[in-house]
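*Asks:* Structure incoming, see below.
The values are calculated or read from the model by the stated rules, or taken from the named source; none is laboratory data. None of the values given here were measured: they were computed from a predicted structure. In this analysis, Cβ positions are derived from the backbone assuming ideal geometry, glycine residues included, and neighbour counts consider all displayed protein chains.
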Amino acid sequence: MRRWPCGGCRRLRVVGRVAEAALLCSPPVDPRLRAERERFIEAARKADDDAALYALKVEFLGKKGSLSKLRSVMRDLSPAERKAFGRDFNTVKDEIEALIDARRKELAKRRRAEELARWEDVSVVLDPVPRGALHIVTQTWRRLERVFENMGFTVHDGPHVEHGKTNFDDLNIPPDHPARDMQDTFFVVPPTDDGWERVLRTHTSPVQIRTMLAGPPPVRVVALGQVYRRDDDATHTPMFHQIEGLYVDRDVSMADLKATLYHFVSAVFETDLDVRFRPSFFPFVEPGAEFDVRCPFCKGDGCSVCKRTGWIELGGSGMVHPAVFEAVGYDPEEVSGWAFGFGIDRMAMLLHGVSDLRLLFDGDQRFLEQFPC
Ligand code: DAH
């Protein structure tokens with residue numbers, strides 16, 4: 001029959017706590033063993049590291065340890081007393097060993113917990129779900145918006161299904177102009193109640209008209225968005241993206257236009273880049289000009305992107321035509337203004353080194369994943 005309700009050291013290993021173990025076990029009968037055991041329990045409570053535990057072990061169980069020394073008292077005992085003392089002696093010795101072991105494990109566990117609290121576990125997979133990113137056209141769109149907003153422009157929008165008058169006539173594009181040809185325009189049926197054709201807007205320029213009709217000058221806006229044309233080949237898609245800029249006030253000149261374009265391309269490409277005008281024709285501006293930017297890749301030396309010309313064509317621009325001012329009720333004698341427009345997709349391709357426009361709209365995950373934002 002076991003004398004100790006805890007089953008001796010076996011129970012102690014499970015409990016693993018000096019204080020609890022001391023309460024659970026009934027002490028040995030011999031007062032010297034009892035005192036030794038209590039002294040150990042008290043000392044073990046204070047031992048806070050491995051070195052202290054080792055010192056305790058030596059102090060009690062070492063060859064010259066205090067418990068070991070008690071063995072000698074057996075010489076003076078009767079055989080029956082010696083047997084009982086011997087059994088208790090062994091139990092206390094086992095108990096001390098078990099307590100030291102349990103305490104050591106407890107300390108190691110505490111150390112590990114402290115370490116874990118201090119260091120990040122880099123092997124933990126925190127976000128196993130692949131993260132999405134904005135499409136490069138959206139990234140470019142937002143970048144342009146930011147640049148123009150910083151220059152004092154307001155962002156405006158207009159409908160994609162546009163009135164034929166706003167898309168064409170008010171912009172001085174007469175009915176026989178090639179841009180109104182069936183080849184280019186998506187017509188929406190039915191026409192408006194008053195017989196006007198309804199179209200998918202072929203450019204963002206009608207937002208100029210809507211902005212000026214909405215209020216008096218001065219006006220300083222940009223409009224970004226989808227536009228639609230019946231075109232589909234390596235360099236054209238039926239839907240693409242444009243940005244339109246419009247500035248109207250007193251004494252606005254072509255010099256303001258050039259300075260604005262210069263600031264905008266330098267901000268977008270994050271380096272100073274020249275801009276040049278080439279005379280061109282657009283019905284809604286006079287004079288009209290296409291504008292080019294110094295190739296940001298070769299800085300004008302000539303490379304494959306600029307086709308060895310040192311310049312990259314960006315878009316169209318010019319001074320707002322008096323006929324456009326008249327269409328919106330502005331007095332061309334009082335105000336002047338300029339406008340520009342260009343493709344956002346082409347800008348995205350330039351910024352990210354993409355060579356084929358169609359890649360932007362194929363939705364191929366392998367392509368899109370290359371441009372995290
Ligand atoms: N709307 C023209 C197009 O779609 C682009 C453009 C050219 C816009 C000249 C302008 C401009 O504002 O002045 O090709």
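*Asks:* Tell me which residues, restricted to region 261-273, are assigned to a helix (DSSP H, G or I) and more than 15 Å from ASP292 (Cβ to Cβ).
*Replies:* Matches in region 261-273: HIS263, ALA267.
*Asks:* Just one of (1) at positive phi; (2) within 13 Å of the ligand (Cβ to nearest atom); (3) surrounded by fewer than 17 Cβ atoms within 10 Å (Cβ to Cβ) trips up GLY318, so point out which.
*Replies:* Tallying (1) at positive phi; (2) within 13 Å of the ligand (Cβ to nearest atom); (3) surrounded by fewer than 17 Cβ atoms within 10 Å (Cβ to Cβ), GLY318 fails exactly one: (3).
*Asks:* Just wondering, is there one or more residues in region 301-315 that are among the charged types (D, E, K, R) and on the phi > 0 side of the Ramachandran plot?
*Replies:* Yes, there is a match, as at least one residue in region 301-315 is among the charged types (D, E, K, R) and on the phi > 0 side of the Ramachandran plot.
*Asks:* Among residues belonging to region 274-288 that are within 12 Å of the ligand (Cβ to nearest atom) and either hydroxyl-bearing (Ser, Thr, Tyr) or in a loop (DSSP other than H, G, I, E, B) (or both), point out the one that is nearest to GLN208 (Cα to Cα).
*Replies:* Residue satisfying both the conditions and the ranking: PHE284.
*Asks:* In region 218-242, which residue that is among the hydrophobic types (A, V, I, L, M, F, W, C) and closer than 18 Å to ALA179 by Cα is farthest from the ligand (Cβ to nearest atom)?
*Replies:* MET239
*Asks:* Sticking with this structure for a sec: Which ones in region 96-136 are assigned to a loop (DSSP other than H, G, I, E, B) and in contact (Cβ under 8 Å) with a residue 12 or more places away in the chain?
*Replies:* Matches in region 96-136: ARG131, ALA133, LEU134, HIS135.
*Asks:* For region 314-369, please list each of the helices (runs of 4 or more DSSP H) lying entirely inside it that holds at least 1 residues being in contact with a strand residue (DSSP E or B) (Cβ under 9 Å, 6 or more places away or on another chain).
*Replies:* 322-328, 344-352
*Asks:* Which of the residues that make up region 71-93 are under 12 Å from PRO28 (Cβ atoms) and in contact with a Gly (Cβ under 7 Å, 6 or more places away or on another chain)?
*Replies:* Matches in region 71-93: THR91 only.
*Asks:* Do you know which of the residues in region 289-311 that are away from the ligand (no atom under 16 Å from the Cβ) and within 17 Å of LYS258 (Cβ to Cβ) is surrounded by the most Cβ atoms within 10 Å (Cβ to Cβ)?
*Replies:* Per the criteria, the residue is ARG294.
*Asks:* Which pairs do you get when a residue that is over 18 Å from GLU244 (Cα atoms), found in region 311-328, comes within reach of a residue that is of a type in the set (Asp, Glu), reach meaning Cβ atoms under 8 angstrom, with the pair 6+ apart or on two chains?
*Replies:* Note: pairs meeting the criteria are TRP311/ASP292; ILE312/ASP292; PRO322/GLU286; ALA327/ASP169; ALA327/ASP170.
*Asks:* Sticking with this structure for a sec: For region 226-251, how many residues are within 18 Å of GLU162 (Cα to Cα), among the aliphatic types (A, V, I, L, M) and either out of contact with any helix residue (DSSP H, G or I) (no Cβ under 9 Å at 6 or more places or on another chain) or modelled with pLDDT under 95 (or both)?
*Replies:* 2
*Asks:* Could you tell me whether TRP141 is more than 27 Å from THR260 (Cβ to Cβ), among the aromatic types (Phe, Trp, Tyr) and touching a helix residue (DSSP H, G or I) at 6+ places or on another chain (Cβ under 8 Å)?
*Replies:* Taking the combined requirement at face value, the residue does not satisfy it.
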